[in-house]
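Below is one structure, written out as structure tokens, with a few remarks after it.
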Amino acid sequence: MKTTIITVACTGLLLTGTAFAGGHGTHWGYTGHEGPEFWGNLSNEYAVCKSGKNQAPINIGNLTESDLSPIAFHYSNTSPMDIVNNGHTIQVNYAPGSTITVDNHTFNLLQFHFHTPSENTVDGRSFAMESHLVHADKDGNLAVVGVLFEEGPANPFIDAVWAHMPGKAGEKKQIADVTLNATDMLPSEQSYYRFNGSLTTPPCSEGVRWMVMKNPVTVSKAQAEQFNSVIGGNNNRPVQPVNARPILE
Ligand SMILES: [Zn+2]
């Protein structure tokens, strides 16, 4: 999985540092000839986007009852707020020291970012927005916690993030006097769906543990639209075939 991290770092989506993809990797997007249906053809490095059998996102359905242990969230505050518009999403890079533990396995929170509308769907239902909390263990294995946002009352956590959203692709800000805690983005009841998947952006690397919170939180229509307009349209990869994978609950 180490090679995954290195490749991903070049896309600028996962790790701190130079977040804009300029100069690294092959350009990709969400529409036209650089859109999701062509990702696997854009570069040899993206081949698994097309050939992979464990791709994300998925439609969550046909569930397998399982004895999933709770995710233990140990998120500390992060400050200053380190936020970047990488041209594909708005990403907040998280200060070191925040973790989740699941199945006695600990993953460090690296960053969270957003998609409108949601990437994963549940029984065919799409949500107004989805956030991805991206974690890695000490060997570079990735675990993503997905939070679904349904349209409803404005979300104060999202307000705090959007207040400093960089408007231009490649723009990065450090806001000294803002403190965030990603715990404030989680639903209060934290049961989840679990499946094996991939990054939802090129290079679409597989071997990612996915945990999607069952209970949505809310985002207002205006908040979702504000994000969508800054990013320049929808940034959701369509759902991918589930193939032989079980989806656990
Ligand atoms: Zn994502």
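Stokes-Einstein at 20 °C, 1.002 mPa s, Kirkwood radius from Cα pairs: D for the stretch 190-245 in µm² s⁻¹? The diffusion coefficient I find is 156 µm²/s. Other residues whose C-beta falls under 13 angstrom from the C-beta of residue 147 contribute a net charge of -4, scoring Lys and Arg +1 and Asp and Glu -1. Remark on the stretch 2-248: hydrodynamic radius 18.0 angstrom, per the Kirkwood mean of 1/r across alpha carbon pairs. For the stretch 199-213, backbone phi angles converted through the Karplus equation (6.51, -1.76, 1.60; θ = phi - 60°) give residue-by-residue couplings of 4, 9, 10, x, x, 6, 4, 8, x, 9, 7, 9, 10, 10, 4 Hz, Gly and Pro being listed as x.
Taking the centroid of alpha carbons for each part, the stretch 141-183 and the stretch 203-225 are 12 Å apart. What you get for the chain, charging only the Cβ of Lys and Arg (+1) and of Asp and Glu (-1), is a dipole of about 480 debye around the Cα centre. Placing unit charges on each Cβ (+1 for Lys and Arg, -1 for Asp and Glu) gives the chain a dipole about its Cα centre, and among 169, 71, 236 the Cα reaching farthest toward its positive end belongs to 169. Relative to the Cα centre, the charge distribution of the stretch 27-89, modelled as +1 at Lys and Arg Cβ and -1 at Asp and Glu Cβ, gives a dipole magnitude of about 120 debye. As a calculated quantity, the FRET efficiency between residue 26 and residue 215 at R0 = 30 Å, using C-beta atoms, amounts to about 0.20. Among 88, 115, a tally of other beta-carbon atoms within 10 Å of each Cβ gives an order, fewest to most, of 88, 115. Ordering 54-63, 129-138, 149-158 by mean Cβ neighbour count within 10 Å, with the highest value first, yields 129-138, 54-63, 149-158. With neighbour counts taken as other beta-carbon atoms within 10 Å, the residues 148, 42 rank, fewest first, as 42, 148.
Read-outs: derived from the displayed coordinates by stated rules, not from any lab. Everything numeric here is computed off the predicted structure, so don't read it as measured data. Reconstructed Cβ throughout: ideal geometry from the backbone, glycine too, with neighbour counts over all protein chains shown.
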